């Protein structure tokens, strides 16, 4: 077999493998959507709470929901607004009331609404469903919000990859990444919030989260490119694209996808969670996601100041030339 034929087969097999990984990474988490210790609050008398817990376990299994009992409806609403729970069931004399938060997850809100309908069919009543923290009026199902996650990821990858390929100095790449992040944060938020109306809250706060999300992807690419060479671009890009984005839970909830906890430790999931907090929950639940994003950006920045093999070899070669130039015997 000729060398060119081997090259053609090798490239083809490599791309087929990559395509297989892509479809698996994006389709598998979606096929496994189900509650996994999803935080839920139940309020009411002890006997009613016990009965509701039994019904929930029958519908979603013992590990489907992580249930917290509270005394009254006000405490249940507070838990939802503080992002300690995705919803609540309040037992009352007229039957249970389901509290949902479509802003936290339209997918979970829909499942709880379906559960209310099923429970009503069993008891012969129609439970009331109240959306405590609703999604944006122009994006009631959170479709636009979920769709904006991939452009953010691609924006960070492009910022890191293109600057690494076009610019020769690491400090120039870092400076360009900061400019791209600031401009991209303002522009992307302007589109999603100002034009499409899928975000609420402070425009600058939301833009800041988007900018930090871009930096959390771009700077590790630039840093690893500085440290190990061009291979660093592909390593970080594939890690974010094949692991971070599918497991982010942005279109559903981290507790709905397998390994959702891992997705929250990566830029896409952390950025989505922080953006929800600032946009719909007055900043609740944003501390950990912001720390995660800052750590990714900080580690990437730290990698850019570490010495690397090419730099050391160049310095050694330069030193050797200088010594030979000054030493007449060596000449």
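Principal-axis analysis of the Cα atoms of the chain puts helix 149-166 at an angle of about 10° to the longest axis. Here segment 22-36 is scanned for amide nitrogen atoms under 18 Å from the site 7 Å beyond the Cα of residue 262 along Cα-to-Cβ, giving 22-34, 36.
Taking label points 7 Å from Cα along the Cα-to-Cβ direction, residue 47 and residue 238 give a separation of 6.1 nm. Taking every C-alpha pair closer than 8 Å and separated by at least 6 residues, the mean separation divided by the residue count of segment 38-131 gives a relative contact order of 26 percent.
How large is the direction-averaged shadow of the alpha-carbon convex hull of the chain, in nm²?
Numbers: hull surface 96.0 nm².
Answer in nm², one decimal: 24.0.
Among DSSP beta bridges whose residues both lie in the chain, state the antiparallel percentage, nearest 5. If I count the DSSP bridges inside the chain, around 25 percent turn out antiparallel.
Put a dot 7 Å past the Cα of residue 147, heading toward its Cβ, do the same for residue 6, and the two dots end up 4.8 nm apart. Once the gyration tensor of the Cα atoms in segment 86-172 is diagonalised, the equivalent ellipsoid follows with semi-axes of 46, 10, 10 Å, ordered largest first.
Calculated from DSSP H runs of 4 or more alone, at -39500 (n - 2.57) each and per residue, what is the 222 nm mean residue ellipticity of the chain, nearest 500? Numbers along the way, then the final one.
Working: 13 runs with 202 residues, N = 331.
Roughly -20000 deg cm²/dmol at 222 nm, from the helical runs in the chain.
In this simple spin-label model, placing a label point 7 Å from the Cα along the Cα-to-Cβ direction at both residue 58 and residue 154 gives a separation of 4.7 nm. Each semi-axis of the equivalent ellipsoid for segment 38-131 is √(5λ) with λ an eigenvalue of the Cα gyration tensor; in descending order they amount to 17, 15, 13 Å.
Report relative contact order for segment 143-313 in percent, whole number only (criteria: Cα-Cα under 8 Å, sequence separation at least 6). Write down the numbers at each step before the final one.
Values: 294 pairs, mean separation 44.9, N = 171.
Worked out over segment 143-313, it gives 26 percent.
With the convex hull constructed from alpha-carbon coordinates only, segment 143-313 shows a mean projected area of 9.1 nm² over all directions.
Rounded to the nearest 10 degrees, the angle from helix 46-60 to the longest Cα principal axis of the chain is 50 degrees.
So how much slack lies between residue 196 and residue 20, counting 0.36 nm per residue of separation and subtracting their Cα-Cα distance, in nm? Please list the in-between numbers first.
Working: separation 176, 0.36 × 176 = 63.36 nm, distance 3.36 nm.
This chain segment gains 60.0 nm when fully extended.
For residue 66 and residue 299, a Förster radius of 35 Å and the Cβ-Cβ distance give a FRET efficiency of 0.65, rounded to the nearest 0.05. Could you give the angle, 0 to 90 degrees to the nearest 10, between helix 287-303's Cα long axis and the longest principal axis of the Cα atoms of the chain? For 287-303 against the chain, the angle is about 10 degrees.
The numbers here are math on the coordinates, done by the rules we state, and not lab data. Nothing here was measured: the structure is a model prediction, and the numbers come from that model. Reconstructed Cβ throughout: ideal geometry from the backbone, glycine too, with neighbour counts over all protein chains shown.
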